[in-house]
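The values are calculated or read from the model by the stated rules, or taken from the named source; none is laboratory data. Not measured: the values here are computed from a predicted model. With ideal geometry, Cβ positions are generated from the backbone for all residues, glycine too; neighbour counts draw on all protein chains shown. Ligands, DNA and RNA are stripped out before the accessible areas are found, and what is left, the full protein with its side chains, is counted by its heavy atoms. Shrake-Rupley method; radii C 1.70, N 1.55, O 1.52, S 1.80 Å.
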Amino acid sequence: MVDLGSAPGSWLQYAAERVGPRGLVVGVDRDEVRIALPDHVRVLRADILSLRPEELLAIAPSFDLLLSDAAPKTTGVPFADHARSVALARRSLELARAVVRPGGSWVCKVFQGEEIESFRGEARLAFDRLVESKPKSSRERSVEIFFVGIGRIA
Ligand SMILES: C[S@@+](CC[C@H](N)C(=O)[O-])C[C@H]1O[C@@H](n2cnc3c(N)ncnc32)[C@H](O)[C@@H]1O
């Protein structure tokens, strides 16, 4: 699986445990992941917005799941933060279309705002089923939600 926006590394630790040593977890972040991780975790230090699918496909021919917890540094200007979050989320969707195997899944955090409706439409086209979730761990007043795409359409 792929984990975009993986620093400082909590999701990587959890994913590594769930996937187990016979699986593979690839983390991507422009910041360094400093924690110790098992051998079946690889970390790429890269900007998601310019990351090419080939860089992931050089590591494995396809992936079952792509997660994105990537988030911009917030500025306090809601539209600017939303726009940057949607840009990251769109990139994660493009990468999922390119590297997730048909039938595989995508989970993506995004800040809600004006562009969410068109982004939802784009995501719906890529998966058999699209679910939205606001986990309890996400603060009540936070604008973040998660999209879960199940069954990538080939
Ligand atoms: C909320 S944190 C992720 C936390 C992580 N899931 C964990 O469990 O530790 C968001 C991350 O997105 C990364 N990020 C934001 N924009 C990025 C970009 N354009 N390219 C790569 N990483 C980016 C940040 O560096 C930050 O580490």
For the structure I just gave you, tell me whether Leu88 is in a helix (DSSP H, G or I), modelled with pLDDT of 95 or more and closer than 26 Å to Val25 by Cβ. yes
Assess whether Val25 counts as being in contact (Cβ under 8 Å) with a residue 24 or more places away in the chain, more than 8 Å from the ligand (Cβ to nearest atom) and closer than 19 Å to Val148 by Cβ. yes
Is there a residue being within 9 Å of the ligand (Cβ to nearest atom), assigned to a loop (DSSP other than H, G, I, E, B) and open to solvent by 40 Å² or more (accessible area, probe 1.4 Å) anywhere in the stretch 51-68? no
For Val143, indicate whether it is among the hydrophobic types (A, V, I, L, M, F, W, C), in contact with a strand residue (DSSP E or B) (Cβ under 8 Å, 6 or more places away or on another chain), open to solvent by 30 Å² or more (accessible area, probe 1.4 Å) and away from the ligand (no atom under 13 Å from the Cβ). yes
Failed item in (1) closer than 26 Å to Ala60 by Cβ; (2) in contact with a Gly (Cβ under 7 Å, 6 or more places away or on another chain); (3) buried (at least 17 other Cβ atoms within 10 Å of the Cβ), with His82 passing the rest: (1)
